[in-house]
1. As an exercise, use a Förster radius of 30 Å and the Cβ-Cβ distance of Arg376 and Arg293 to find the FRET efficiency, rounded to the nearest 0.05.
2. Taking 0.36 nm per intervening residue step and subtracting the Cα-Cα distance, what contour gain separates Ser34 from Asp250 on full extension?
3. Only sites in a loop by DSSP and with at most 16 other Cβ atoms within 10 Å count here; which chymotrypsin sites (Phe, Trp or Tyr not before Pro) in the range 327-426 make the cut?
4. Take every Cα-Cα distance within the range 155-208, group them into 5 Å bins from 0 onward, and report for each bin the whole-number percent of pairs it holds.
5. Ratio to report: Rg/Rh of the range 70-113, with Cα atoms as the point set and Rh obtained by the Kirkwood method; give two decimals.
6. Could you work out how far the C-alpha centroid of the range 243-298 sits from that of the range 415-474, in angstrom?
7. Apply 1/(1 + (r/R0)^6) to the Cβ-Cβ distance of Ala282 and Ala27, taking R0 = 56 Å, and write down the FRET efficiency to the nearest 0.05.
8. Pairs of lysine in the chain with Cα under 20 Å and at least 8 positions apart or on different chains: total?
Amino acid sequence: MSAATEIAAAVRAGRRTARDVLEEHLARIDARESEVHAFNLVLADEARAAADAVDALVASGADPGPLAGVPVALKDNLCTRGVPTTCSSRILAGWRPPYDATVVQRVVAAGGVVAGKTNLDEFAMGSSTENSAFGPTRNPRDVSRVPGGSSGGSAAAVAAGFAPLALGSDTGGSIRQPAALCGTVGVKPTYGAVSRYGLVAFASSLDQIGPFAGSVADAALLLDVIAGPDPLDSTSSPRVPAALGPGLRDGVAGLRVGLIDELVDAEGVEPEVRDAVSRAAAALEAAGATVERVSVPSVVYGLSAYYLIAPAEASSNLARYDGVRYGLRVDGDDVATMNARTRDVGFGPEVKRRIMLGTYALSAGYYDAYYGKAQRVRTLITRDFARAYERFDALLSPTSPTVAFPLGAKADNPLAMYLSDVCTIPTNLAGHAAASVPFGTGRDGLPVGVQVLVDAEQEPTMFRVMQALEERAS
Ligand code: GLN
């Protein structure tokens, strides 16, 4: 399986055609997609036209860009002009966005070939991709297991070799956790590093778009293409980020790495996962970093704060699905009945649960006790991380407490499902960057991901640590 970096180099140099690369990937999709269900929509014809256009550019002596001819899969909550964008929800049935998300524009402008739209938990709410209105995605490493979520389709697409690269979104772990469960690299950039323009909003103060890839270098390639200021997103950082590619192999000698006590010992962390994190720490030490344990005490309240803040924001963001402006409409005798029926039929049970939780947390009389308190916890978490980053360049923890679990195992137990993100959520609350890198295997020979966390805008350091881990992963 060729890496994205190799494909782009070969296509740019005229050694391989983008069309040939695409056909190879479409053949893999043909062979296994019925079993994996990574995609809501495969854009075979559109991708062939895009690949031919890349080849025409090369033939004319022009450079298509750093993603020349690389197939890229897009989570189906990223707007694609004229192409259905469903968020794996019935409520968006028939809706075709009139514009492309900024990340989609950038991928295409860099010569990338959009292969299709990938499955997700409805509106990105979930950790297993079982909350999709279109049925679950299965983990390509073991199809009796979940791929994680909510970007399970994107993680599975990369793990199955359907596309060398994919984009997902991460509000509380939705890139890192499925990356860990499928054995791919997954990156949640610093809040504001990547434009959210055209990402269907779940919780706007937490959502970030980021890459999935088969290697750290490939993840850097895609993040370099999509990151950077965007006037269309008022929360996008005005700073132009440094390119990640050049410093990738600078090593970790002299870096100070902290092992987060509270997350290594978090509820439900499997012994094999804890072992993998210890081996990762030892590998970094052997590579010249210093590793010490560090306490970041308030992260233990992260999950509770997140399940007030994220649903609160979601209840507001999802108010726009009213049967008038987008997709589905179920008629009624008056407008209020039409609104209610549309939302009743259009939203699945997890989305309804979040809307109810969020509406309750924001209601008069409870606002201070729930939403207000959660925001204060968020500040404490940010402060605790700031203190840790005075002493450490990067932090380490498990990505997910467990390896991939069987389909259905947590479907009826929301709390057990929510605990899948206990290690990833604190980063979103702080707005920092974090990534998951495959590091060995755990129970039943399934992949384990190690999480690398850094302060805001410290992606170059994070990628050096990730690269060092990849080189030493057993
Ligand atoms: N699993 C978490 C949730 O259900 C995180 C989802 C995400 O990051 N989009 O909210």
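Since every read-out is calculated from the coordinates, none of them should be taken as a lab result. Keep in mind that this is a model prediction, so the values were computed, not measured. FYI the Cβ positions are ideal-geometry reconstructions off the backbone, even for glycines, and counts take in every protein chain you see.
1. 0.65
2. 73.6 nm
3. Here the sparse-neighbourhood loop sites are Tyr366, Tyr367.
4. Per 5 Å bin, starting at zero, the Cα-Cα P(r) for the range 155-208 comes out as 4, 21, 28, 21, 17, 8, 0 percent.
5. The Rg/Rh ratio comes out at 1.00.
6. 9 Å
7. Computed FRET efficiency for Ala282 and Ala27: 0.85.
8. Summing the qualifying lysine pairs gives 4.
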